[in-house]
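Worksheet: one structure, shown below.
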């Protein structure tokens, strides 16, 4: 009788194999638990690489990839290395997560995921600085204001419609944080939840929103 060889139980390799199986089977909750175990074992690079590998073809893998990436704080650290204003760091981080979700199918695995992510954050930082510079030098941009306004409205409507489709558990704190600009402490008091829970739910909501926008889910009533 032959002997089966495989990764030892509880090892990073075993968790990686389990994560791949859960993703292929479409089991989001099981995949999330296994990803958490992999991260706890110091397998951040392995978890991100595995999720990125499947994210181009699996909405579940994409959602979990953005969630895990956001949770590592890598995107904010990269943005914070180039920007001083915390508000700008947060804006660039969210723009970067959406860009990452939209372009994950182009990640070829030849570099580390964090190296690829860094290149996207650098571009979003450059975009932010260009917008900031234009805003200070050009107070008026008169070219085709109606068309520009129409595009802005359409974009905001699309985001709000996708946001409306999120579970209330994540949608409500996310709206209070990002739309109404309440502090985490204010949201926690208003919803009678622990502040740490609110932060986690906002982070998860942002990941779900970025993942759904990046996956190109159809938005009812949104322009094609």
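The values are calculated or read from the model by the stated rules, or taken from the named source; none is laboratory data. What you are looking at is a predicted structure, and each value in this text was computed from that prediction instead of being measured. All Cβ positions, even for glycine, are placed from backbone atoms using ideal geometry, and neighbour counts span all protein chains on display.
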Completion exercise
Per the filter on region 75-102, residues under 13 Å from residue 122 (Cβ atoms), over 11 Å from the mean Cα position of the chain (by Cα) and touching a residue at least 24 places away in the same chain (Cβ under 8 Å) are 78, 79, 82, 83, 92
Problem - Count of residues meeting criterion [more than 21 Å from residue 67 (Cβ to Cβ) and free of Cβ contacts under 8 Å to residues at least 12 places away in the same chain] in region 189-206 - result: 2
Exercise for the section: Considering (1) assigned to a helix (DSSP H, G or I); (2) modelled with pLDDT under 90; (3) within 20 Å of residue 17 (Cβ to Cβ), say which one residue 87 fails and leave the rest. Expected result: (3)
Exercise for the section: Report those helices (runs of 4 or more DSSP H) wholly inside region 157-224 carrying at least 2 residues which are at pLDDT below 85 and in contact with a helix residue (DSSP H, G or I) (Cβ under 7 Å, 6 or more places away or on another chain). Expected result: 195-215
Handout entry: Given (1) at pLDDT below 80; (2) under 17 Å from residue 60 (Cβ atoms), number of the condition residue 10 does not satisfy
Key = (2)
Completion exercise
By residue number, the members of region 31-51 that are assigned to a helix (DSSP H, G or I), in contact (Cβ under 8 Å) with a residue 12 or more places away in the chain and surrounded by fewer than 22 Cβ atoms within 10 Å (Cβ to Cβ) are 32, 37, 39, 44, 45, 46, 49
Exercise for the section: Report yes if residue 81 is at pLDDT below 90 and more than 24 Å from residue 201 (Cα to Cα), otherwise no. Expected result: no
Handout entry: residue 132 being modelled with pLDDT under 95 and farther than 18 Å from residue 205 by Cα
Key = yes
Exercise for the section: Looking for whichever is within 23 Å of residue 181 (Cβ to Cβ) and at pLDDT 90 or above here; the options are 103, 119, 96. Which one fits? Expected result: 96
Practice task
Considering only region 162-204, state which residues are closer than 24 Å to residue 95 by Cβ and surrounded by fewer than 15 Cβ atoms within 10 Å (Cβ to Cβ).
Solution key: 164, 165, 167, 179, 180, 181, 183
